[in-house]
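J.: First the structure, then my questions, so here it is.
The values are calculated or read from the model by the stated rules, or taken from the named source; none is laboratory data. Keep in mind it's a predicted model, so treat the numbers as computed, not measured. Cβ placement follows ideal geometry from the backbone for every residue including glycine, while neighbour counts extend to all protein chains displayed. Accessible surface is based on the protein model in full, side chains and every heavy atom, while ligands, DNA and RNA are left aside. Shrake-Rupley method; radii C 1.70, N 1.55, O 1.52, S 1.80 Å.
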Amino acid sequence: MAHVVLPAERLPVAHAADVVVAGGGAAGIAAAVTAARLGLRTVLVDDASFLGGMSTGGCVGTFCGFYRRERDASLVRLVGGFAVEVMDRLAADGQCYGPVPFKATGAVPYVPWALKRLYDDVVDAEPNLTLLLHARVVRTLARDGRVEALEVSTRGGRVALQASYVVDATGDAAVVADAGLPTERGTALQYPSMMFTMQHVDLEAALPTLLALGELLERHYESAGLPRRSGNVIPTGRSGEVLVAISRVAVGGRAPDATDADELTRSEMLGREQADRLGAFLRAQVPGFGEAFVADAAPRLGIRESRRIRGIYALGGDDVLGGRRFADGVARGAWPIELHADDGRTEWRFLDDGLWYEVPYRCLLPVGTQNVLAVGRCVSATREGFASVRVLGTCFAEGQAAAAAIATALPHATPLAVVDVDAVRARLVAIGAL
């Protein structure tokens, strides 16, 4: 491969802060808002034009991991703090509902547009928080496990951000990887999906068929060339509108690598093609969809898995299914192991009713780090552990935990690997986290 040599440069320091959060998805915004509320000078950067990551840009449409199922089949809140604030504020405006029982767990459908606007309002209300949109971290300046600055490309040019601590919420562990700290990716990645919205649906006529959607998709999987054998059509709560989750994108017969620019580009295009084709399938096969149309596809492909850190501890499938608790637990999880695998299949492994597990602080700690934590899709886990912990409920909780850890470490410039985790847990309790 040919190379070019770049000259040494001097970049202006646009912001010097206590913490920089790279990535504004669920984990990143939870980290940034919580840090600001704890009194830390915080900068949040994201390369999109809005916040929310997969929850808005990917139009996920359901908060998963917010509830656990008890032995009597009742659903009980699993998360607290920022996640509950978001859910309750949306519910107050009629923009989410639930929890809705789903398999052996529960989910909370929401309107992605409303969540996008809510995030704007939340960030705008925090005086300690500076937001940079259309801003991509392109280089990490690090030495001996300590990130000293981030080079960020903005529409006005490249600038530097300096902070005592950094949170990698990029979804691809981009900061950690560029800092030279170890990362890894699974040998068999989960397949991504393209969510899309349909409008003018007669839900009353459609409901009987939608309740057996899996049977319909399985029956037509081969003959119609469908990408997936199961899925969901989610009413948004707005008249005649649904979110459709039946896409699955492959490149060359396998899950694409979202850190590869060529594969990601091709996958985005394939996702939109699938939205058109699957919309036509629903119009032809489901009563009530005859006058429906695809209003829009999500702004970005719904990536489930790419690259993550190699942490001090990797959450495993046995930890999830066994409801394991840890002395350094900082977040709760109970979503089943949900693997989007080959041949259009989705493999489910459920926790027993009444069980929930903890995510240990060590899963947020890259090996060799001094001042970086990783949250969201970046956390350290095995393939099976990651298939549970990747959902929005645990992402919110990990972001809060990262902020609490940095607030605990900052007064004495403590390396994050030796921070007092009991003090971190006490801070989390104080802000309403579970």
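J.: Return a whole-number percent for the relative contact order of the chain, with Cα pairs under 8 Å and 6 or more residues apart as the contact set.
T.: 22 percent
J.: Would you mind checking the tilt of helix 26-37 against the longest principal axis of the Cα atoms of the chain, expressed as 0 to 90 degrees and rounded to 10?
T.: The angle comes out near 40 degrees.
J.: For the stretch 1-30 and the stretch 38-67, compute the distance between their C-alpha centroids and round to whole Å.
T.: Measuring centre to centre over Cα atoms gives 18 Å.
J.: Sorted by packing (mean other beta-carbon atoms within 10 Å per residue), highest first, where do 239-246, 274-281, 419-426, 169-176 land?
T.: Per-residue mean Cβ counts within 10 Å order the peptides as 169-176, 239-246, 274-281, 419-426.
J.: At a 10 angstrom cut-off on C-beta neighbours, averaged per residue, how do the peptides 261-268, 160-167 rank from highest to lowest?
T.: 160-167, 261-268
J.: Measure off, as a whole percent, the carbon and sulfur share of the 1.4 Å-probe accessible area of the stretch 154-306, all protein chains present.
T.: Ligands and nucleic acids excluded, carbon and sulfur give 48 percent.
J.: Please determine, in degrees from 0 to 90 and to the nearest 10, the orientation of helix 392-409 with respect to the longest principal axis defined by the Cα atoms of the chain, where the helix direction is its Cα long axis.
T.: That works out to roughly 10 degrees.
J.: Inverting the mean 1/r over all pairs of different Cα atoms, compute the Kirkwood radius of the stretch 62-146 and quote it in Å.
T.: Kirkwood radius, the stretch 62-146: 15.5 Å.
J.: Between 0 and 90 degrees, rounded to the nearest ten: what's the tilt of helix 261-285 against the longest Cα principal axis of the chain?
T.: Roughly 30 degrees, rounded to the nearest 10.
J.: Shifting gears a bit: In whole Å, how far is the Cα centre of the stretch 367-434 from that of the stretch 261-338?
T.: 23 Å
J.: Using mean Cβ contacts within 10 Å as the protection proxy, how do 18-30, 83-95 order, highest first?
T.: 18-30, 83-95
J.: With no solvent and one equal point scatterer per Cα, compute the Debye intensity ratio I(q)/I(0) for the stretch 262-314 at 0.17 Å⁻¹ and report its log10, rounded to two decimals.
T.: Listed by q, the Debye log ratios stand at -0.67.
J.: Over the stretch 330-398, what is the relative contact order in percent, taking alpha-carbon pairs closer than 8 angstrom and at least six residues apart?
T.: 40 percent
J.: For the stretch 215-259 and the stretch 77-100, what is the separation of their C-alpha centers, rounded to whole Å?
T.: Measuring centre to centre over Cα atoms gives 26 Å.
J.: A follow-up question, please. Rounded to the nearest whole Å², what accessible area per residue is found for the stretch 89-161 with the 1.4 Å probe?
T.: 51 Å²
J.: Working with all protein chains in place, sort I234, I309, I431 by solvent-accessible area computed with a 1.4 Å probe, largest first.
T.: Ranked from most to least accessible, the order is I431, I234, I309.
J.: I'm spelling it out carefully: the read-out is Cα extents along the principal axes in Å, the candidates are (1) 73, 55, 38; (2) 74, 55, 44; (3) 63, 56, 40, and one was derived from this structure. Which label?
T.: Structure-derived value, by its label: (3).
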